[in-house]
Amino acid sequence: MISIRVEYGSAKMAEEERIANAEKLKEKANTHFKEKDYENAIKYYTEALELNSSNAIYYSNRSLAYLRTECYGYALADATRALEIDKNYIKGYYRRATSNMALGKFKAALKDYETVVRVRPNDKDAKMKYQECNKIVKQKAFERAIASDELKRSVVDSLDIENMTIEDEYTGPKLEDGKVTVKFMKDLMQWFKDQKKLHRKCAYQILIQVKDILSKLPSLVEICLKETEKITICGDTHGQYYDLLNIFELNGLPSETNPYLFNGDFVDRGSFSVEVILTLFGFKLLFPDHFHLLRGNHETDNMNQMYGFEGEVKAKYTAQMFQLFSEVFQWLPLAQCINSKVLVMHGGLFSEDGVTLDDLRKIDRNRQPPDSGLCFLLWHKNGRSISKRGVSCQFGPDVTEHFLKQNKLQYIVRSHEVKAEGYEVTHSGKCITVFSAPNYCDQMGNKGAYIHLRGSDLKPEFHQFTAVPHPNVKPMAYANSLLQLGMM
Ligand SMILES: [Mn+2]
């Protein structure tokens, strides 16, 4: 009898110890979270969950850490788990709503806000978020109705550029005979640096011309570097205009002998997205064959609505101009292959095996992202292999290996994720991430990086840089108010 009780007692003690250890790990994770070290926060929440998987708070906290690292799919999964464990856990609904918002699933988000409002009828904050989200859902429905009415008529058709006048008071740069020149680009960069606005006529001229150029490019752009040639590959820039200027300062202005490839996510978050994108488009016009742009997941309507670009264009220009930006973004190519050996794309590889370069060439890209499929994966988050620890946001090395072998490639370059050093080499050197927004959102403390690739050996050479000061306009200044409320 006594021995049984002792055993029972020790089992109970072991159980209590397990729970207590899980709590300790959660505390440790919370500390990392407060220090914005989200990677370690996720690691310790995961360890806590390994000891005690029935705790909704652990899932909810890890969900928030995933939100901060922009792993929205994982954030959504964790919030859902938290609610499965405790359906009365209010925070869980908030987290799931936020994840859905970030993924552009506004209707699903609205359902969760609805639940919160029902349970807490006196919660003003919840009510406000519900109303804000409801507004977006209604607006989306309205936009869809209009879109089908107008059968995708281009903004270009409704513009009368010729008759747009430039007022005498305007002293800024103008295109020369309707053309972008080196002088125009230099003046433009200085003009923007001084926080001045390019005349709307010039902005429209750039947009119309760049749409024309981009729409003639294939979805997979293929270039060939000669032995002596070099290209610079940059990752996300996210509206950090002053850091973009710094890249040109450090690495030289774009030219036919100094080609660049910018790998998507030019806009959103940073509050100088208009300046970044017009500068990049200007260089695309100036050096169409030596200045390359690929689409990121932020060159899409849903993201722009939430993360600031739409608001910024409306504040600096008009809603109509945003529409034209949206049209142009749809024509950005999705991937670029260098010397048939290196493949560059924003998001990464695919959920299915057996994808060939020819499949990429055939993608019909002039659209907003579908919920799945190749073109979605090229520029969006990919959740191929959720590792057991739940830390990795990427596809596994097996996926990379298989893809490279089948397509006779050496390695891939992608962007999309902030990295402390500005770049990261994984999958035994076969998967490289490059990110060019240093101190991302004024708070991540990361370096930025760009890559030099030479035709002679195609060996990646990394260059790091740190953030430079910018005028006092905070990131996300133009973002949707739901995101400005400290939700993310
Ligand atoms: Mn991205």
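The values are calculated or read from the model by the stated rules, or taken from the named source; none is laboratory data. Treat the numbers as computed from the prediction; the structure is a model and nothing was measured. FYI the Cβ positions are ideal-geometry reconstructions off the backbone, even for glycines, and counts take in every protein chain you see.
Being buried (at least 23 other Cβ atoms within 10 Å of the Cβ), modelled with pLDDT of 90 or more and of a type in the set (Phe, Trp, Tyr) is a property that Tyr58 has.
All conditions but one from (1) modelled with pLDDT under 95; (2) under 25 Å from Ser436 (Cα atoms); (3) of a type outside the set (Phe, Trp, Tyr) apply to Glu249; the one that does not is (1).
Does segment 281-316 hold any residues that are over 22 Å from Leu483 (Cα atoms) and either out of contact with any helix residue (DSSP H, G or I) (no Cβ under 8 Å at 6 or more places or on another chain) or more than 16 Å from the ligand (Cβ to nearest atom) (or both), and which are they? Listed by number, the residues that qualify are Phe281, Gly282, Phe283, Lys284, Leu285, Leu286, Phe287, Pro288, Asp289, His290, Phe291, His292. For segment 307-325, the set of residues classified as within 23 Å of Arg68 (Cβ to Cβ) and surrounded by fewer than 24 Cβ atoms within 10 Å (Cβ to Cβ) consists of Gly311 only.
Applying the criterion of being hydroxyl-bearing (Ser, Thr, Tyr) and assigned to a loop (DSSP other than H, G, I, E, B) to the residues of segment 219-236, the residue that is farthest from the chain's Cα centre (by Cα) is Thr228.
If you check Asp187, Asp194, Asp243 for being acidic (Asp, Glu) and in contact with a His (Cβ under 9 Å, 6 or more places away or on another chain), only one passes: Asp243. Being in contact with a helix residue (DSSP H, G or I) (Cβ under 8 Å, 6 or more places away or on another chain), more than 16 Å from the ligand (Cβ to nearest atom) and either modelled with pLDDT under 95 or closer than 23 Å to Lys193 by Cβ (or both) is true of Glu275.
To keep it simple, each residue is scored yes or no on (1) part of a helix (DSSP H, G or I); (2) of a type in the set (D, E, K, R); (3) free of Cβ contacts under 8 Å to residues at least 40 places away in the same chain.
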{"site": "Met101", "(1), (2), (3)": "yes, no, no"}
{"site": "Leu110", "(1), (2), (3)": "yes, no, yes"}
{"site": "Glu114", "(1), (2), (3)": "yes, yes, yes"}
{"site": "Glu143", "(1), (2), (3)": "yes, yes, yes"}
{"site": "Ile166", "(1), (2), (3)": "no, no, yes"}
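The set of residues in segment 168-207 being touching a residue at least 40 places away in the same chain (Cβ under 8 Å) and at positive phi consists of Gln195 alone.
If the condition is being part of a loop (DSSP other than H, G, I, E, B) and more than 16 Å from the ligand (Cβ to nearest atom), then segment 317-333 contributes Tyr317, Thr318, Gln330, Trp331. Taking the numbered list (1) surrounded by 19 or more Cβ atoms within 10 Å (Cβ to Cβ); (2) farther than 24 Å from Arg18 by Cα; (3) touching a helix residue (DSSP H, G or I) at 6+ places or on another chain (Cβ under 7 Å) in turn, Ser63 passes all entries but (2). Across segment 425-446, the number of residues qualifying as assigned to a strand (DSSP E or B) and either surrounded by fewer than 16 Cβ atoms within 10 Å (Cβ to Cβ) or more than 16 Å from the ligand (Cβ to nearest atom) (or both) comes to 2. In segment 396-423, the residues that are closer than 13 Å to Gly235 by Cα and away from the ligand (no atom under 16 Å from the Cβ) reach residues that are in a loop (DSSP other than H, G, I, E, B) and modelled with pLDDT of 95 or more with C-beta atoms within less than 6 angstrom, at least six apart or across chains, in these pairs: Glu421/Lys447. Among residues of segment 289-310 that are closer than 12 Å to Ser415 by Cβ and polar (S, T, N, Q), those with a Cβ under 6 angstrom from a residue that is assigned to a helix (DSSP H, G or I) and within 13 Å of the ligand (Cβ to nearest atom), sequence gap 6+ or separate chain, pair up as Asn297/Trp379. Considering Gly296, Gly239, Gly270, Gly264, the condition of being assigned to a loop (DSSP other than H, G, I, E, B) and at pLDDT below 95 is satisfied by Gly296 alone. When segment 447-488 is filtered for residues that are part of a loop (DSSP other than H, G, I, E, B), under 18 Å from the mean Cα position of the chain (by Cα) and modelled with pLDDT of 95 or more, only Lys447 remains.
Contact map, segment 23-52: first residue assigned to a loop (DSSP other than H, G, I, E, B), second residue of a type in the set (S, T, N, Q), Cβ cut-off under 7 Å, separation 6 or more or different chains; pairs are Lys36/Gln443.
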